[in-house]
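To start, the structure under review is shown below, and the notes come after it.
The values are calculated or read from the model by the stated rules, or taken from the named source; none is laboratory data. All figures in this text were calculated on a predicted structure; none of them were measured in a lab. Here the Cβ positions follow ideal geometry from the backbone for every residue, glycine too, while neighbour counts run over all protein chains shown. Note: areas computed on protein heavy atoms with side chains; ligands, DNA, RNA excluded. Shrake-Rupley method; radii C 1.70, N 1.55, O 1.52, S 1.80 Å.
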Amino acid sequence: STEVPQHDWLADEQRYDSGVYHKHQVVMTRAEGATVWDSTGREYIDCVAGYGVANVGHSNPEVVAAIREQAGNLIVMPQTLPNDKRAEFLKELVSVLPAGVDRVFLCNSGAEAVEAAKKFAITATGRTKFVSMKRGFSGRTLGALALTWEPKYREPFGVAVDNEHVSFVTYGNIEELRAAITDDVAAVIMEPVQGEGGVRPGNAEFIREARRLTREKGALLIMDEIQTGFCRTGKMFAIEHFCADACQNADGIRCGCKAAEECMVVPDGMTLAKAMAGGVPVGAFAMTAAVADKMPAGGHGTTFGGNPLAMAAGVAAIGFMKRENLAAQAAEKGAYFMEKLRAIKSSKIREVRGMGLMIGVELKEKSAPYISALEHDEAVLVLQATPLVVRFLPPLTISKEQIDSVVAAFERVLT
Ligand SMILES: CC(=O)N[C@@H](CCCNCc1c(COP(=O)(O)O)cnc(C)c1O)C(=O)O
């Protein structure tokens, strides 16, 4: 192809885009594994991964092959017409979900999964109030936005964001949680590790108490694993870190050693998206039969949900995660990554925290300049997560050498 000067693509995207995004002055054209190339051929190590989407690596060959084959067969099929790939995906997904969480509403993004979760919780309980977490993030659509803490995301939309039916509690504060779960609460929703809120791992006591209190009050517990799910934190799902130790076995929560109603953390529903289909847009609200069966027939829907293309990609992605034991890789590489980050001698670092390859470094000053320096001077892509935190969400297939390069680059920009 003729080398179109980079500025044309950039100019066009900036000219015609809605304007909501701060556009970096680059044009990304190719990626593979944990490497991204821009239109000038510059090579970056990627710790953005599409905001935690490319867990199996950019353009994972198995996912690409599945997409190629399915695209030539069948891309479009609505969910009123059953499809072989959709059936295969549902079975594969349920095979890695906690026992009993085995009914799935398929959609196309995280926010859509949260919207579905709210509607299923309302019909399951006959209640309309929700409890969410301070610093929590549930998405940008109006229903999900009401559960999202950050005021600057909600304020521009005023009363269209239904704050009346949502109370926010301090993440980890059991007293506040207990007080918030009143008899009109349909569900408590939380992330096992808060992502956008600054990479803040939850704790077993809080999550188990949330499970106990919601059961006691007839409310649902909904775990938002949109960012933490699919091996990101070192387990297939982050809630597996918080199982009662006695329950732990090789595959964590799936042991099913206790009946679901006794298990100390198994939620009534889980919102899923991001990495689930290897990068192809997909979302899901996975729930128990007790929740699913209370939704009136035809009570929700989506045109693209469960489309054969995303389903084929998802079957390949989950198969890759299981076969490559990607969760164990994330656990091992994450421990290595955090150890190397903690070894950096810099007075600018307040704390290194995270779980698996979901890592945040809280600085004593704004992180934006360092994030920018990493991109421009070091060709390393990282994210922010609240003004002081540098967030690393690499593909879980990142190599140790690439981790070493990222840490060395981070050390250089901090000095
Ligand atoms: C640049 C950009 O678009 N950023 C997104 C990043 C969102 C990343 N998180 C998505 C998310 C969502 C929403 O998921 P989605 O609609 O963006 O697919 C729900 N729950 C949790 C725990 C999540 O982490 C945003 O600012 O809305």
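Quick rundown of the values:
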read-out	value
Net charge over other residues, Cβ less than 14 angstrom from the Cβ of Arg154 (K, R count +1; D, E count -1)	-1
Rounded to whole Hz, the Karplus (6.51, -1.76, 1.60) HN-Hα couplings of segment 10-22, x for glycine and proline	4, 4, 5, 5, 5, 5, 9, 5, 5, x, 6, 9, 7
Using alpha-carbon coordinates, inclination of helix 110-125 to the longest axis of the chain, degrees	10 degrees
Sequence-distant residues sharing a close amide H with Met358 (under 5 Å, placed H)	none
Sequence-separation-based contact order of the chain, relative, with Cα cut under 8 Å and 6+ spacing, percent	23 percent
Options Pro308, Thr214, Gln14, ranked by Cα towards positive dipole end of the chain, top entry (Cβ charges)	Thr214
Euclidean distance between Cα centres, segment 24-86 to segment 360-415, Å	23 Å
Integer Hz, Karplus 6.51/-1.76/1.60 couplings in order for segment 379-387, x for Gly and Pro	6, 10, 9, 9, 10, 9, 8, 6, x
Karplus (6.51, -1.76, 1.60) ³J(HN,Hα), θ = phi - 60°, over segment 276-292, in Hz, Gly and Pro reported as x	4, 10, x, x, 6, x, 7, x, 7, 10, 9, 8, 7, 4, 4, 7, 4
In degrees, nearest ten, helix 308-323 long axis to first principal axis of the chain (Cα)	80 degrees
Sequence-distant lysines (8 or more away, or on other chains) whose Cα lies within less than 16 Å of Lys217	Lys129
Carbon plus sulfur fraction of accessible area for the chain, probe 1.4 Å, in percent	54 percent
Other-chain or far-sequence residues with amide H under 5 Å of Met133's (modelled H)	Val169
When each of Lys340/Lys366; Lys23/Lys340; Lys134/Lys348 is checked by Cα-Cα distance, pairs over 24 Å	Lys23/Lys340; Lys134/Lys348
Crossing angle, helix 84-96 versus the chain [Cα axis fit, 0-90 degrees, rounded to tens]	80 degrees
Cα gyration tensor shape for segment 91-140, rounded if a/c is under 1.5, else prolate or oblate	prolate
